[in-house]
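Chemist: Pasting in a structure now, in structure tokens, and then I'll have a few things to ask.
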Amino acid sequence: MKLEDIVRYLAEYDGPEMNIMEVCGSHTAAISKNGIPDMLSEKLHLVSGPGCPVCVTPSSYVDRLIELSMKPDHCVVTFGDLLRVPGSVRSLSQAKGDGARVIMVYSPMDVLKLAEKEPQTTFVFAAVGFETTTPVYALLMQQLVEGDVRNVKLLTALKTMPEVIGHLCSAGAPVQGFLAPGHVSVITGAAVFRPVAERYGIPFGVAGFTGPEILMALYAIVRLRGRGEVKNLYPSVVTEEGNTEAKRLVERFFEPADAAWRGMGEVAGSGRILRQEYRAFDAGSSDLTEDRKINQACRCDQVLMGKKKPTDCPLFGKVCTPLTPQGACMVSTEGSCFTWLSSNRKR
Ligand code: SF4
């Protein structure tokens with residue numbers, strides 16, 4: 001079907017109302033950038049999902065990182081987007097102003113050079129992410145084990161998509177279709193979404209990140225309404241079975257575990273932790289306390305579950321802005337609230 005026909009179909013759609021979840025933050029950002037919400041019929045609604053790793057990292061995880069960064073002879077190493085995520089009291093970057101030792105890097109592998117230069121320091125890598133990033137941490141683990149590097153540890157908050165989507169479905173999230181993340185699917189394979197699609201009778205469209213790719217996936221999802229099928233619309237990079245080598249490497253070092261999600265609590269089997277034989281490399285990932293909101297009015301939990309729009313939050317754009325984030329959804333450039341505010345998105 002030609003793109004112009006797809007655009008016309010989505011604009012003129014007059015069937016039953018549908019909420020389609022943009023599961024990942026990259027899709028949320030691409031959808032806003034391409035002005036897709038304004039191209040859709042009033043009967044089609046795009047809702048945010050739990051796919052921005054920084055947004056779903058609980059405040060207790062940030063608290064633990066801060067604690068470690070203040071310990072003598074310790075240094076926390078992280079990607080930049082985690083620096084401003086609020087913990088229950090403050091963020092890592094605020095703690096840095098109070099003397100915490102925190103270093104920002106662009107690749108987990110950078111920690112190896114740091115560790116070599118300062119053998120007396122324990123470097124704690126903030127290992128946050130989904131299936132896309134976990135293979136990189138597995139690669140880092142391989143280097144640590146094979147190089148017998150003893151002064152690098154991981155504080156893990158690794159998450160998996162199919163389990164949390166299943167959790168949303170079983171919790172009755174008002175969603176009739178899922179825009180499945182293309183980059184996650186490169187690793188997992190499109191087939192990973194099939195059990196949950198079939199179980200709940202909800203269609204999935206695996207999509208790339210350009211405007212036309214997203215529109216084609218939305219069209220497929222709408223056409224499949226009520227059917228538990230997975231349509232791979234990103235076949236140039238996504239296969240049915242995914243990247244088996246990366247999956248094998250992940251399995252060598254990590255095993256499934258329950259995981260805490262910001263605002264959603266514990267979701268069974270939705271995380272990855274270091275296997276028992278590699279726990280010497282863990283910085284206390286299982287010792288996290290309960291998740292606490294820094295601002296009780298924050299609606300991140302509802303936004304991440306597709307139950308509310310960012311603009312439904314009373315703090316949106318007033319008390320909560322990218323400079324004064326009250327919840328994680330406003331911190332990351334892939335966070336729903338950040339994207340909605342910066343692109344002036346209304347629906
Ligand atoms: Fe939370 Fe801010 Fe979003 Fe409100 S606008 S839900 S406070 S991140």
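Quick note: the coordinates plus some simple rules give every number you see, no bench work behind them. Remember, it's a predicted structure, so these values are computed and weren't measured experimentally. Every residue, glycine among them, receives a Cβ derived from its backbone with ideal geometry; neighbour counts consider all protein chains shown.
Chemist: GluC sites (Glu not before Pro) within segment 1-109: which are DSSP loop residues with at most 12 other Cβ atoms inside 10 Å? If you can, show how the numbers build up before the last one.
Modeler: Numbers: sites: GLU4, GLU12, GLU17, GLU22, GLU42, GLU67; in loops: GLU17, GLU42.
In loop regions of segment 1-109 (DSSP not H, G, I, E or B), the sparsely surrounded GluC sites (Glu not before Pro) are GLU17, GLU42.
Chemist: Return the sequence-ordered ³J(HN,Hα) values of segment 55-62 in whole Hz as given by the Karplus equation 6.51 cos²θ - 1.76 cosθ + 1.60 applied to θ = phi - 60°, using x for Gly and Pro.
Modeler: For segment 55-62, the Karplus-derived couplings read 5, 9, 6, x, 4, 5, 5, 5 Hz, x marking Gly and Pro.
Chemist: Now for a separate question. Counting other Cβ atoms within 10 Å of each Cβ, which trypsin sites (Lys or Arg not before Pro) in segment 75-176 have at most 13 and sit in a DSSP loop? Please report the intermediate quantities before stating the final value.
Modeler: Values: sites: ARG84, ARG90, LYS96, ARG101, LYS113, LYS117, ARG150, LYS153, LYS159; in loops: ARG84, ARG90, ARG101, ARG150.
Of the trypsin sites (Lys or Arg not before Pro), the ones in loops of segment 75-176 whose Cβ has at most 13 other Cβ atoms within 10 Å are ARG150.
Chemist: Over 30 Å between C-alpha atoms is what I'm after, so list which of LYS96/LYS308; LYS2/LYS43; LYS2/LYS33; LYS71/LYS308; LYS231/LYS308 land there. Before the final figure, lay out each step's value.
Modeler: Numbers: LYS96/LYS308 33 Å; LYS2/LYS43 22 Å; LYS2/LYS33 22 Å; LYS71/LYS308 39 Å; LYS231/LYS308 27 Å.
Where the Cα-Cα span goes over 30 Å, the pairs concerned are LYS96/LYS308; LYS71/LYS308.
Chemist: What ranking of GLU334, GLU251 emerges when the number of other C-beta atoms within 10 Å of each C-beta is taken as an exposure proxy, fewest first?
Modeler: Details: GLU334 21, GLU251 13.
Placing the least packed residue first, the sequence is GLU251, GLU334.
Chemist: Using Cα atoms only, what is the angle between the long axis of helix 211-223 and the major principal axis of the chain, expressed in degrees (0 to 90) to the nearest 10?
Modeler: So the inclination is approximately 60 degrees.
Chemist: Please arrange GLU163, GLU116, GLU245 by how many other C-beta atoms lie within 10 Å of their C-beta, fewest to most.
Modeler: Working: GLU163 18, GLU116 12, GLU245 9.
Fewest to most other Cβ atoms nearby, the residues stand as GLU245, GLU116, GLU163.
Chemist: If Lys and Arg each add +1 and Asp and Glu each add -1, what is the summed charge of the other residues whose beta carbon sits under 10 Å from the beta carbon of ALA100?
Modeler: With Lys, Arg at +1 and Asp, Glu at -1, the neighbours total +2.
Chemist: Neighbouring Cβ atoms within 10 Å as the yardstick, rank ARG64, ARG279, ARG194 fewest first. Don't skip to the answer; put the middle values down first.
Modeler: On the way: ARG64 23, ARG279 12, ARG194 16.
Sorted ascending by nearby Cβ count, the order is ARG279, ARG194, ARG64.
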